[in-house]
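Undergrad: One structure is given below, represented as structure tokens, and several questions about it will come after.
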């Protein structure tokens, strides 16, 4: 890639910021990464990647000479016109997005007619207009503003950056929008160039729709359990309709992570603040919370009281190929199991360090077979590849009980049952060797 590309600044070095920075460095830009966390910057300067994301460490190392890390925003201002904002916007207690970090960046940028803020952080529709009003009130109306929402999936973020299914650019039709479009041009992705508010809404609406699809198939799974249907077969038949598609029709124990729960709540709150009651999203949220707790009733169906029982949780991160524990189902399950008197053993190949600060009172096992030792039941929480390839005969030898609860419908039921174990999925019923 050419070194003639324009330099950029990236403010915030979390999942979105660091992947975006590494991606643009790979495309040939010098990237000036800014973060107020001095320890994180020191680790990045030393070549240490503070998050787990497949391929990210290799991409950072390969483009080391074009990546620059600092705690001083002036280092980016001096060298780059486009300042990509990738700071966190976590939910508040009310469910609204916390924009304090975004406003801190806006406050830190001096008046300029040669710089542009490019919003990568997920913000409610209307945020861009509000920021532009604030800039005007403080004599900074020379700053351009672009909304460029991210669509990176944790666990495949590097691939998603290099091969995006779309690039969305919301702007006022000025130089800044043109410059962002030019930056992404080598990726040859479908371009949606629109106004700022519509670009902001694309991100929230996309995630809310996918979350709705997950809650819908989970509701179908629950009905399947009552009618004797197999939700995996139902989803297979549904997915062949190109109006529906097969993606996000995997029934399970609910969605988590940093995006879906936050963005669904943010869109619901945005609608409420605007005077509209978004009834569908209330149901999506409720179904997702109840789905996590249905695991407990499934365990009680087989084991009776959970007092004194040992339950092994395989996987802690909210999805495979990440160490992200935000809104992970394991947080709810471990707490509910302990509240019901169960002993909990857990294992995750990557997320243990993050999990230890959030999950207490459990035994952290050294591997999957250690986790299932003495267990009355095993619950697959995160479908890591190593769990899908387990030797179920060995698992059966280590367990005291026989129940395997497949919380992601990712295991081979026949292999589990062949080992003399009882298989229970989501929306699939129960299978035993005598079935």
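Undergrad: For segment 374-386, how many residues are surrounded by 23 or more Cβ atoms within 10 Å (Cβ to Cβ) and in contact with a helix residue (DSSP H, G or I) (Cβ under 7 Å, 6 or more places away or on another chain)?
TA: 5
Undergrad: Checking the conditions here, which among 215, 198 is part of a helix (DSSP H, G or I) and within 17 Å of the chain's Cα centre (by Cα)?
TA: Numbers: 198 fails: within 17 Å of the chain's Cα centre (by Cα).
Just one listed residue meets the conditions, 215.
Undergrad: Moving to a separate point now. Any residue in segment 305-325 that is closer than 24 Å to residue 153 by Cβ and without any contact (Cβ under 8 Å) to a residue 40 or more places away in the chain? Spell out how you get there, then give the answer.
TA: Narrowing segment 305-325 to residues closer than 24 Å to residue 153 by Cβ: 313-325.
Applying the additional criterion that residues be without any contact (Cβ under 8 Å) to a residue 40 or more places away in the chain yields 325.
Within segment 305-325, one or more residues are closer than 24 Å to residue 153 by Cβ and without any contact (Cβ under 8 Å) to a residue 40 or more places away in the chain.
Undergrad: Which one of the conditions (1) out of contact with any strand residue (DSSP E or B) (no Cβ under 9 Å at 6 or more places or on another chain); (2) buried (at least 20 other Cβ atoms within 10 Å of the Cβ) does residue 100 fail to meet, given that it meets all the rest?
TA: Of (1) out of contact with any strand residue (DSSP E or B) (no Cβ under 9 Å at 6 or more places or on another chain); (2) buried (at least 20 other Cβ atoms within 10 Å of the Cβ), only one is false for residue 100: (2).
Undergrad: So which strands (runs of 3 or more DSSP E) stay within segment 376-432 end to end and still have 3 or more residues that are closer than 26 Å to residue 235 by Cα and in contact (Cβ under 8 Å) with a residue 24 or more places away in the chain? Walk me through how you get there before you give the answer.
TA: Working: elements: 377-380, 403-406, 422-424.
Once the strands (runs of 3 or more DSSP E) in segment 376-432 are filtered for at least 3 residues that are closer than 26 Å to residue 235 by Cα and in contact (Cβ under 8 Å) with a residue 24 or more places away in the chain, what remains is 377-380, 403-406.
Undergrad: How about segment 358-373: which of its residues are assigned to a loop (DSSP other than H, G, I, E, B) and either surrounded by 14 or more Cβ atoms within 10 Å (Cβ to Cβ) or modelled with pLDDT under 95 (or both)? Spell out the reasoning first.
TA: Restricting attention to segment 358-373, the residues satisfying the condition of being assigned to a loop (DSSP other than H, G, I, E, B) are 358-362, 365-367, 373.
Once the filter is applied, which keeps residues that are assigned to a loop (DSSP other than H, G, I, E, B) and either surrounded by 14 or more Cβ atoms within 10 Å (Cβ to Cβ) or modelled with pLDDT under 95 (or both), segment 358-373 yields 358, 359, 362, 365, 373.
Undergrad: In the set 344, 332, 311, which member is under 28 Å from residue 429 (Cα atoms), part of a helix (DSSP H, G or I) and touching a helix residue (DSSP H, G or I) at 6+ places or on another chain (Cβ under 7 Å)?
TA: Values: 344 fails: part of a helix (DSSP H, G or I); 311 fails: part of a helix (DSSP H, G or I).
The unique qualifying residue is 332.
The values are calculated or read from the model by the stated rules, or taken from the named source; none is laboratory data. As the structure is a computational prediction, the values presented were derived from the model and not from experiment. With ideal geometry, Cβ positions are generated from the backbone for all residues, glycine too; neighbour counts draw on all protein chains shown.
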